[in-house]
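First comes the structure, then the notes that go with it.
The values are calculated or read from the model by the stated rules, or taken from the named source; none is laboratory data. Quick caveat: nothing in here was measured; it's all calculated off a predicted structure. Glycine also receives a Cβ, built like all others from the backbone with ideal geometry; neighbour counts cover every protein chain displayed. We work out accessible area using only protein heavy atoms, side chains counted, and drop any ligands, DNA or RNA first. Shrake-Rupley method; radii C 1.70, N 1.55, O 1.52, S 1.80 Å.
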Amino acid sequence: MESKRQVLPVKGIIPFANVDGSGNRTTIFVQGCNLNCIYCHNPETIQLPCSETTHTNYTVEELITLLKQYSPYIRGITVSGGEATIYSDFLVELFKEVKKLGITCYVDTNGIFNKDHKLDLIEATDKFLFDIKGIDNLSKVTRKNIDHSFENLEYLLERNKIEEVRTVCIENYMDAEAVIREVAKRIKDYDDVLYKLIRVHYRGLTKEQVIAVKDSVPTKERMIALENLAKSLGVKNVMSIL
Ligand code: SF4
């Protein structure tokens, strides 16, 4: 039997963040991602851990010691990345201990994982912040040919596990209207779920990424039109990040 992971490779920790789910939260960025998105704003987190220089390893006990300092001031933690679901076994153990501090556990995910292998993590997670990155042209954005994202979104919605769905809007690489139609179909009856439409931007990108993205940034007017499209399709809670 495969042994459980004893440490989590962490790229960074933000003690207090207010954009990674509701309330003030501590965000833990893991090292390693199963995708390689054209617009990735944390490209340094993509490489899977291969040397100690890319990250710091933490045990559950070390993370709990740290979180005890913050817990009076936060509503919970959010594990982001990279891709948090890669480390599901470790996170299940971490979340058990975090909940003893009386705070919640969120996962920020790219949505691309095999849910049948993540059932324990889904059970242990209070809410997911969930990316939808495309439909049939997904590999143009992610540069990987894997998907399950809509199936996973539906599964989590039915279990009241979704707080927020996000789509990074980028011209030329994805059909934003088609993506919004598919998302709206699924979330329009969930009034509490926020749909964030994020205009692709340059912050954190490498030079190569800037070259790839520079002609594909939607205008502000286009973003407002996309927001209006989502509303017209019945999504109650939509926000554009310009
Ligand atoms: S899923 Fe997120 S962390 Fe991974 S490559 Fe894409 S944008 Fe970057």
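Any residue that is over 21 Å from Val193 (Cα atoms) and more than 16 Å from the ligand (Cβ to nearest atom) - is there at least one of those in the stretch 121-135?
no
Show me the strands (runs of 3 or more DSSP E) entirely contained within the stretch 1-106 in which 2 or more residues are at pLDDT 95 or above, away from the ligand (no atom under 16 Å from the Cβ) and buried (at least 22 other Cβ atoms within 10 Å of the Cβ).
The strands (runs of 3 or more DSSP E) meeting that bar are 25-30, 76-80.
Please verify whether Lys115 is open to solvent by 10 Å² or more (accessible area, probe 1.4 Å), touching a Lys or Arg at 6+ places or on another chain (Cβ under 7 Å) and not polar (S, T, N, Q), treating the condition exactly as stated.
No.
Does the stretch 124-137 hold any residues that are touching a residue at least 24 places away in the same chain (Cβ under 8 Å) and open to solvent by 10 Å² or more (accessible area, probe 1.4 Å), and which are they?
Within the stretch 124-137, Ala124, Asp126, Lys127, Asp131, Lys133, Ile135, Asn137 meet the criteria.
For the stretch 149-159, give me the residue count where each residue is within 14 Å of the ligand (Cβ to nearest atom) and surrounded by fewer than 18 Cβ atoms within 10 Å (Cβ to Cβ).
Selection size over the stretch 149-159: 0.
Out of all the residues in the stretch 162-189, which are away from the ligand (no atom under 16 Å from the Cβ) and within 19 Å of the chain's Cα centre (by Cα)?
Ile162, Glu163, Ala176, Ile180, Glu182, Val183, Ala184, Arg186, Ile187
Name the strands (runs of 3 or more DSSP E) wholly inside the stretch 160-242 in which the number of residues that are open to solvent by less than 50 Å² (accessible area, probe 1.4 Å) is 3 or more.
162-169, 194-199
Which of (1) within 10 Å of Gly82 (Cα to Cα); (2) touching a strand residue (DSSP E or B) at 6+ places or on another chain (Cβ under 6 Å) does Gly21 not meet, given it meets every other one?
(1)
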